[in-house]
Amino acid sequence: MSTPPGQRSVKIPNDERLGWSSDRPRDSNRPPRPADISVRGRVLSPSDRLRYSPGSLLLIVSPSIAERDRFAERLIEDRASYFSLAKVRTLITGRVPDDVLDDKAAELLLAAVTKRLQSGETVVVALEGLGAEEEADGERRAALAGPRATARVLTGLPLLGVGLGMARLRREPALALIALILLTSMVLAAVFFIVETLPPARRRDLGHSTMRQRYRSLLGDRVFIGVAIIGGMTFSGLFTYLSSSSFLFQDVYGLDPQQFGLLFAVNSLGIVSGVQVSAFLMRVIGPQWILVGAGVALLVTSATIVVLDMQAVGLFGILVPLFFFIMACGFSFPATQVLALNGHGSEAGTAASLLGALNFGLAGIISPIVGLFGIANAIPMGAIMGLTAMVSIVVMWTVVRPRSVPALSR
């Protein structure tokens, strides 16, 4: 049966998704296109109607072979124009050796499609569903959709904060300009410097298929458990500072809101600088040893806060060790993530979510404790920060055991 002249239009239900390639009708006065699929073919956006003209090439793709065949049977009138690898394979089974059956079927299919296209006839090719790589990529994209959306939201929150700060600083042009420069710098950094770091060869591994398998893999790893506790303790020490700093520095030491805001910004630079230096050092030093050093620094600086406050040294006796405590937190954060996720690339999403839950869960429980002792001085804050550092050090040497941590997988 020859291809009917003119265009054919077919209604496609809304619950069906279709991708196809096709030619659009051409002016008869124009020279004919060469018989080259790369020139003839053009991907069209899915629509509620399927339109094609004589000489078109239609590709039907579906993850379900049965749905693909039902779709083609209902919509393709000219059955002679319909080709599939399975159809050709059936026709030549028993005529060619089994070890070359697929290659021969693909060769014959290509020859038949090329012949019909060269003669200006319509060809409909039903593809063999999605390949293993396409299915793996689709599942990976679906699995990452939620974390990516969360990352976008979390990325936007600091930008929103800077924007609100600019709105409040509208009467201070110089400060507003600085805020605008910082906002622009963060946007440019997010666009140009945040890239995929996983090697392409490892992006197809779907890892464990069930939640039970993923959690069993994580909870059976002592390094992950220990590092997760250390990360939670570090967050708890940092949040102890965050929850008490406004009361301590404004109510006790009399800083006004602008002075406290400047102090908070300077301390935030400690985290940023610590993270960057830590990432650089991990090129030559194992992350477990960076965590060991950060734990010692956290303990020493928090103890210094307590001692100097007991000696009534004053505001700067707290600010200097506090800055280095916060910088040590910055040192530990990337090392914690690297150690926890190393060896768990197949369940990285589950590992990251468990780390986040433990970090904020422990911080939410421990950081309010400082309020139970009152904030008349810096001793309660420094003491709790020191206790979290002590727990981190004990867990590092008893659970993680840095000398036994395997080398990073690159």
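The values are calculated or read from the model by the stated rules, or taken from the named source; none is laboratory data. Because the structure is a prediction, the values reported are computed rather than measured. All Cβ positions, glycine included, derive from the backbone under ideal geometry; neighbour counts span all protein chains shown.
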Test: residue in region 331-342 that is assigned to a helix (DSSP H, G or I), among the hydroxyl-bearing types (Ser, Thr, Tyr) and surrounded by fewer than 20 Cβ atoms within 10 Å (Cβ to Cβ): no
Filtered residues of region 279-303 (kept if in contact (Cβ under 8 Å) with a residue 12 or more places away in the chain and either in contact with a His (Cβ under 9 Å, 6 or more places away or on another chain) or assigned to a loop (DSSP other than H, G, I, E, B) (or both)): MET282, GLY286
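So which residues in region 242-270 are aliphatic (A, V, I, L, M), under 34 Å from the mean Cα position of the chain (by Cα) and buried (at least 16 other Cβ atoms within 10 Å of the Cβ), if there are any at all?
LEU263
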Region 330-347, residues that are among the hydrophobic types (A, V, I, L, M, F, W, C) and in contact (Cβ under 8 Å) with a residue 12 or more places away in the chain: PHE331, PHE333, ALA335, VAL338, LEU339, ALA340
Subset of region 93-123 (residues that are without any contact (Cβ under 8 Å) to a residue 40 or more places away in the chain, among the β-branched types (Val, Ile, Thr) and surrounded by 13 or more Cβ atoms within 10 Å (Cβ to Cβ)): VAL96
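Going through SER353, SER346, SER332 one at a time, which residue ends up being modelled with pLDDT of 85 or more and hydroxyl-bearing (Ser, Thr, Tyr)? Spell out the reasoning first.
Working: SER353 fails: modelled with pLDDT of 85 or more; SER346 fails: modelled with pLDDT of 85 or more.
None of the other options fit; the residue is SER332.
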